[in-house]
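The structure appears below as structure tokens.
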Amino acid sequence: MPPTNGTGADVRPRAPWRPRMIARAEPTITDSVVRVFEAGQRVVLDRVDLARFDLAQLAASALRSAALVAIGAVCLAGAWFALLAGAVAWSLAYLPLPAALILAAALSAIAGGALIAAGVQRARAGEGLGIPGMLRPLRDGVRE
């Protein structure tokens, strides 16, 4: 029977704790090649997941931007029609109604044509990056 301190607890000195040693054999070259291949495969899969996430973020951002542009265009068109109606109403004191409408339509067509020409010229000059410009950071990130 082991010695006790009166409470029934064992009072023998304990040996220091030692971790259990597990005998391992050295990995073979085949095991190492398999591990390297698996690690490379994980890296590639992680990069594909990251590219997919970046593309989803890019698409969401483009859709939000397109929605804001569409809403702004509707508001701007309404304001333009109101401005033209006010110009026609003001010009009725000086011109007959058909002439006032023709003048407002001509001024509107000239302004629209000038804006379209400016936009086409800027697009040809490369100032508008478009979709290739938006995809460039994604493509550069995949190449790294």
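The values are calculated or read from the model by the stated rules, or taken from the named source; none is laboratory data. Because the structure is predicted, anything quoted here is derived from the model rather than measured. Reconstructed Cβ throughout: ideal geometry from the backbone, glycine too, with neighbour counts over all protein chains shown.
Brief remarks follow.
- One residue alone among 69, 88 is out of contact with any strand residue (DSSP E or B) (no Cβ under 7 Å at 6 or more places or on another chain), over 30 Å from residue 53 (Cα atoms), hydrophobic (A, V, I, L, M, F, W, C) and modelled with pLDDT under 95, and that residue is 88.
- Flag if residue 79 is modelled with pLDDT of 90 or more and either among the acidic types (Asp, Glu) or surrounded by 11 or more Cβ atoms within 10 Å (Cβ to Cβ) (or both): no
- Scanning segment 88-126 for residues that are part of a loop (DSSP other than H, G, I, E, B) and surrounded by 11 or more Cβ atoms within 10 Å (Cβ to Cβ) returns 92, 95.
- Test for residue 50: is it touching a Leu at 6+ places or on another chain (Cβ under 8 Å) and either of a type outside the set (Ser, Thr, Tyr) or modelled with pLDDT of 95 or more (or both): no
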